[in-house]
Amino acid sequence: MAETATRSKPAGSGSKGRRGGTRSGGSRSQQSQGKTAPQAESPETLRDYFRQMSLIRRFEERAAQGYTQAKVGGYCHLNLGEEATVVGLMSALRRSDYLFTNYREHGYAIAKGIEPGKVMAELYGRTTGTSKGLGGSMHMFDTEVGLLGGYGIVGGQVPLATGAALAIDYRGGDEVVMCQMGDGTTNIGAFHESMNIAALWNLPVVFVVINNYLGMGTTVEMSSAESELYKRAVAYRMHGERVDGNDVVAVREAAGRLVEHARKTGEPAMLEAVSHRMKGHSVVDPAKYRNSEDAEAAREADPVAAFREQLVSANVLDEDGAAEIERAVQADVDAAVAFADDSPHPDPATLFDYTYATPVANDSRRLPADPVF
Amino acid sequence: MAVITYRQALHDTLREEMLSDENVFLIGEEIGVFEGSYKITAGLLEEFGEKRVRDTPIAEEGFVGAAVGAAMLGLRPVVELMTINFSLLALDQIVNHAAKIYGMFGGQSNAPMVLRTPGGGGQQLGATHSQNIELYYAFVPGLKVVAPSTPADARALLKASLADNDPVLFLENLALYNTKGEVPDDMPPAEIGRAGVTRTGSDITIIGYSRMATVATQVADQLGEEGISAEVIDLRSLRPLDRETLVESVRKTGCAVIAEDDWLTYGIGAEIAASISDGAFDYLDAPVRRVAAAEVPLPYAKPLERAALPSAESLNAAVRQTLDAVGHRR
Ligand SMILES: Cc1ncc(C[n+]2csc(CCOP(=O)(O)OP(=O)(O)O)c2C)c(N)n1
């Protein structure tokens with residue numbers, strides 16, 4: 001069930017465990033109660049949520065594998081454990097709505113409608129990738145589906161999203177901007193500046209905070225004086241709400257409601273989705289800072305397995321049907337990997353093609369060993 | 001042809017651009033009701049309304065970033081940063097975002113916007129309000145940085161910056177706002193990346209930008225009265241940098257003095273001196289000299305502030321020392 005900022009109880013029941021590795025605060029545990037009834041949506045829709053969640057799960061497992069094979073370089077932050085949130089949020093957006101994300105974005109790119117092959121090709125740094133191989137894992141982009149970028153500076157995307165909403169408002173369009181970020185982001189100045197501006201100017205942007213309770217190794221209690229993050233909305237006279245991020249239908253419902261409200265009224269809102277990060281911060285992080293209790297909780301909360309079970313017990317899906325979806329998803333990911341593998345690397349001759357949108361006199365095209373004159 | 005101030009040239013050009021393109025809007029602190037800290041935007045709120053002239057909270061990172069996002073969707077924001085000193089709070093949005101969006105997404109998006117901001121000292125504003133830190137921006141590929149020194153340049157470069165599809169940091173200078181000059185009515189936009197030769201000469205090259213370009217012109221005029229022929233180059237564009245024009249000039253004159261309002265160490269003059277070494281080493285008859293601000297946080301006290309900033313006198317002295325070194329005969 002969702003909690004809203006206006007109806008919330010006082011924070012933290014008893015010990016707040018600022019330095020603790022475990023999830024504290026009474027309201028957190030309430031999140032697992034009362035999953036939204038699957039009947040709220042059509043069986044086809046529910047099966048499609050399951051398909052997308054499985055696709056993202058499998059894709060991320062293969063991304064990690066690609067990393068260990070050195071086919072994927074740089075940083076690689078996965079959505080493992082956050083699939084229900086990702087799919088729930090993206091299903092609430094129209095294709096013409098805009099999305100800004102942080103660097104943990106592969107799942108969002110896929111769920112917003114980009115072919116998994118293009119996403120994998122970007123991880124592989126190939127010309128067929130979402131950013132022609134120039135962006136990598138953290139910087140995917142696709143105007144066609146309204147993904148206006150993944151950003152690697154924590155909070156950097158928040159002012160941009162606000163500005164995109166300003167452009168929509170300026171032109172009188174009916175699109176909505178969704179701005180995804182992690183819990184750690186809510187302590188960045190840009191977050192507060194943007195929340196204030198969006199509320200002041202009545203801009204159609206929904207700020208979505210994925211509270212997986214960790215920013216790298218720092219817990220939400222260690223970093224946020226008010227760790228029930230949706231309450232921060234109150235400071236900006238904005239509607240804030242918290243939802244169980246492991247429940248795809250609940251996320252869809254809450255996000256859909258806020259997005260449609262923003263579309264109609266232009267009012268911004270904030271949604272906190274409480275989720276789990278199953279693995280380390282990035283592929284190379286063994287997450288030693290995590291205590292066993294917390295790691296176990298993340299494993300148990302596995303939203304893909306839980307949703308499968310839920311659909312099977314509700315007769316929306318039988319075992320064969322589930323297995324068939326899983327096979328199809330596996331084939332999709334295999335095809336994505338093959339596509340990425342077969343795609344060309346960028347030609348070094350194209351190095352200077354994308355520095356300036358308007359070419360200029362005297363733009364330096366010097367390579368490291370070249371003389372200036 | 002009208003003689004108007006640098007301030008008026010900026011105001012008139014902004015107004016004109018707003019009249020001709022619906023997508024151009026102004027955003028910044030105190031630009032509307034207050035009519036701008038330096039009154040560049042006077043009257044524009046009244047004429048264009050709140051949608052086109054948007055007063056912001058004191059949140060540099062938030063509103064600069066919002067302008068970047070709006071530019072990504074095709075609007076043409078003109079941001080006024082009250083002074084370049086406050087741009088530091090928006091550094092992330094300028095350097096990590098505006099400058100990178102075109103490149104890192106493989107050319108799929110861009111941020112066509114103009115960041116107008118005055119810099120410079122000399123007004124007894126103290127250390128945090130008197131800086132010339134345009135170098136921080138000129139260092140960054142993906143940004144363009146222009147610095148007009150005359151009312152005509154202000155107009156021509158502002159037009160060019162607004163027509164450009166990249167983010168342009170448009171450097172103004174507090175000391176220039178009241179300076180006057182001829183501005184032709186039908187001026188074409190300037191070409192970003194081209195320096196101007198504002199005086200031709202054969203004895204020495206003086207290279208400057210913004211306020212120091214106007215000081216260089218003054219000094220060249222003084223020297224001319226004594227029969228010394230100085231060539232003056234106004235960089236106009238700090239990125240891209242027109243190395244060809246300045247190297248060509250030094251090849252002709254054989255010596256150069258650089259005049260800059262910023263600090264010496266690692267400053268813009270250092271890049272220019274290196275460029276001259278790269279392109280005109282064999283032509284040099286004397287070491288390249290640099291006239292730059294003293295390397296101190298700019299003091300408030302008037303005599304100290306005056307001592308710290310380059311002036312016509314200090315530039316004149318440096319030019320004479322260089323001419324002496326090459327055995328120039330008057
Ligand atoms: C401004 C900035 N500071 C630090 C970092 C390094 N860093 C990358 S991700 C991260 C943690 C962010 O946590 P959160 O916002 O909760 O997102 P999550 O990783 O949980 O999705 C940090 C500190 C950064 N990229 N940008």
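No lab work stands behind these numbers, since they all come straight from the coordinates. No experiment lies behind these values; they were computed from the predicted model shown. Glycine gets a Cβ as well: all are built from the backbone with ideal geometry, and neighbour counts include every protein chain shown.
Calculated mean residue ellipticity at 222 nm for chain B: -10500 deg cm²/dmol, from DSSP H runs with n ≥ 4 weighted as -39500 (n - 2.57), summed, divided by the residue count and rounded to 500. Its residue count N fixes a reference of 2.2 N^0.38 Å for the range B:196-326, and the Cα radius of gyration divided by that reference is 0.99.
The distance separating the Cα centre of the range B:204-256 from that of the range A:85-113 comes to 54 Å. Coupling constants for the range A:144-151 follow from the phi torsions by the Karplus curve (6.51 cos²θ - 1.76 cosθ + 1.60, θ = phi - 60°), and in residue order they are 3, 9, x, 7, 9, x, x, 10 Hz; glycine and proline get x.
Taking amide H atoms as placed 1.01 Å from N in the peptide plane, the amide H of A:Y124 has no partner under 5 Å among residues 5 or more positions away or on other chains. Taking amide H as placed 1.01 Å from N in the peptide plane, the amide H of B:V291 sits under 5 Å from that of B:I258, B:A259, B:E260, each at least 5 places away or on another chain. Take every pair of alpha-carbon atoms less than 8 Å apart whose residues are at least six positions apart; their mean separation over the length of chain A yields a relative contact order of 24 percent. Measuring spread by the Cα atoms of chain B yields a radius of gyration and Dmax of 19.7, 62 Å. For the residues A:T355, A:T218, A:T185, a GNM of chain A with alpha-carbon springs under 10 Å puts the largest fluctuation on A:T355.
Pairs of Cα atoms nearer than 8 Å and 6+ residues apart set the relative contact order; for chain B it is 16 percent. Derived scalar couplings between HN and Hα for the range A:237-246 equal 6, 10, 6, x, 8, 10, 9, 6, x, 8 Hz in order, rounded to whole Hz, by the Karplus curve 6.51 cos²θ - 1.76 cosθ + 1.60 (θ = phi - 60°), x for Gly and Pro.
Which residue, A:V176, A:F191, A:P268, has the largest displacement toward the positive end of the dipole of the range A:146-292 when charges sit on each Cβ (Lys, Arg +1; Asp, Glu -1)? Of the options given, the answer is A:F191.
Given a Förster radius of 56 Å and the C-beta distance between B:D221 and A:R171 as r, what FRET efficiency does 1/(1 + (r/R0)^6) yield to the nearest 0.05? FRET efficiency, B:D221 to A:R171: 0.65.
How much length is gained if the chain between B:N178 and B:D278 is pulled fully straight, taking 0.36 nm per residue apart and subtracting their Cα-Cα distance, in nm to one decimal?
Value of the extension gain: 32.2 nm.
Working from label points 7 Å from Cα in the Cα-to-Cβ sense, the A:D370 to B:E50 distance is 5.1 nm.
Taking a point 7 Å out from the Cα of B:E295 in the direction of its Cβ, the residues of the range B:250-271 whose backbone N falls within less than 17 Å of it are B:260-271. Over 24 Å between C-alpha atoms is what I'm after, so list which of A:K118/B:K144; A:K118/B:K100; B:K144/B:K302 land there. Table pairs above 24 Å Cα-Cα are A:K118/B:K144; B:K144/B:K302.
Where both partners of a DSSP beta bridge lie in the range B:2-183, what percent of those bridges are antiparallel, to the nearest 5?
Expressed as a percentage, antiparallel bridges in the range B:2-183 total about 15.
Out of the DSSP beta bridges found with both residues in chain B, what percent are antiparallel (nearest 5)?
Details: 9 of 42 bridges.
Taking every DSSP beta bridge within chain B, about 20 percent pair in antiparallel fashion.
Taking A:K264 as the anchor, which aspartates and glutamates have their alpha carbon closer than 15 Å to its alpha carbon, excluding any fewer than eight residues away along the same chain? Answer for A:K264, where 15 Å is the Cα cut-off: A:D97, A:D169, A:D174, A:E175, listed by chain and number. Rounded to the nearest angstrom and listed largest first, the equivalent-ellipsoid semi-axes of the range B:81-189 from its Cα gyration tensor are 25, 21, 8. Label separation (A:Q330 vs A:R94): 3.9 nm, computed from points 7 Å beyond Cα along the C-beta direction. Looking at the range A:214-325, the DSSP beta bridges with both ends there are about 25 percent antiparallel. Ordered by the number of other Cβ atoms lying within 10 Å of each residue's own Cβ, fewest first, B:Y137, A:Y354, B:Y283 fall into the sequence B:Y283, A:Y354, B:Y137.
Got a sec? How would A:I325, B:I207, B:I27 order by Cβ neighbour count within 10 Å, fewest to most? Don't skip to the end; give the middle numbers.
Values: A:I325 21, B:I207 30, B:I27 24.
Fewest-to-most Cβ neighbours within 10 Å comes out as A:I325, B:I27, B:I207.
Label sites at B:Q124 and B:V197, each approximated as a point 7 angstrom past Cα along Cα to Cβ, lie 4.3 nm apart.
Using Cα centres only, tell me the gap between the range A:257-325 and the range B:23-67 in whole Å. The two parts, judged by their Cα centres, are 43 Å apart. For the range A:111-128, the Karplus equation 6.51 cos²θ - 1.76 cosθ + 1.60, evaluated at θ = phi - 60°, returns couplings of 5, 7, x, 7, 4, x, x, 5, 5, 5, 4, 5, 4, 7, x, 9, 5, 7 Hz by residue, with Gly and Pro reported as x. Among A:M238, A:M195, B:M212, sorting on how many other beta-carbon atoms sit within 10 Å of each Cβ, with the fewest leading, yields A:M238, A:M195, B:M212.
Calculate, for A:H345 and A:Q65, the FRET efficiency according to 1/(1 + (r/R0)^6) with r their C-beta to C-beta distance and R0 30 Å; round to the nearest 0.05.
Numbers: r = 20 Å, r/R0 = 0.66.
Efficiency computed from Cβ-Cβ geometry: 0.90.
Taking the convex hull of the alpha carbon atoms in the protein assembly as shown, what volume per residue do you get, in Å³? Could you put the intermediate results ahead of the total?
Values: hull volume 115.8 nm³, N = 703.
So the per-residue Cα hull volume is 165 Å³.
Based on the mean of other beta carbon atoms within 10 Å per residue, what is the order of B:43-54, B:179-190, B:66-77, most packed first?
On the way: B:43-54: 16.0, B:179-190: 14.2, B:66-77: 27.1.
Ranked by mean Cβ neighbours within 10 Å, highest first: B:66-77, B:43-54, B:179-190.
In this structure the amide hydrogen of A:Y103, modeled in the peptide plane, comes within under 5 Å of the amide hydrogens of A:Y151, none closer than 5 places in sequence on its chain. Normalising the average separation of contacting C-alpha pairs (under 8 angstrom, six or more residues apart) by the number of residues puts the relative contact order of the range B:2-183 at 27 percent.
Please give the net charge around B:P184, taking every other residue with its beta carbon less than 13 angstrom from that of B:P184, where Lys and Arg add +1 and Asp and Glu add -1.
Values: positive: B:R155, B:K159; negative: B:D12, B:D153, B:E182, B:D185, B:D186.
Result for the neighbourhood of B:P184: -3.
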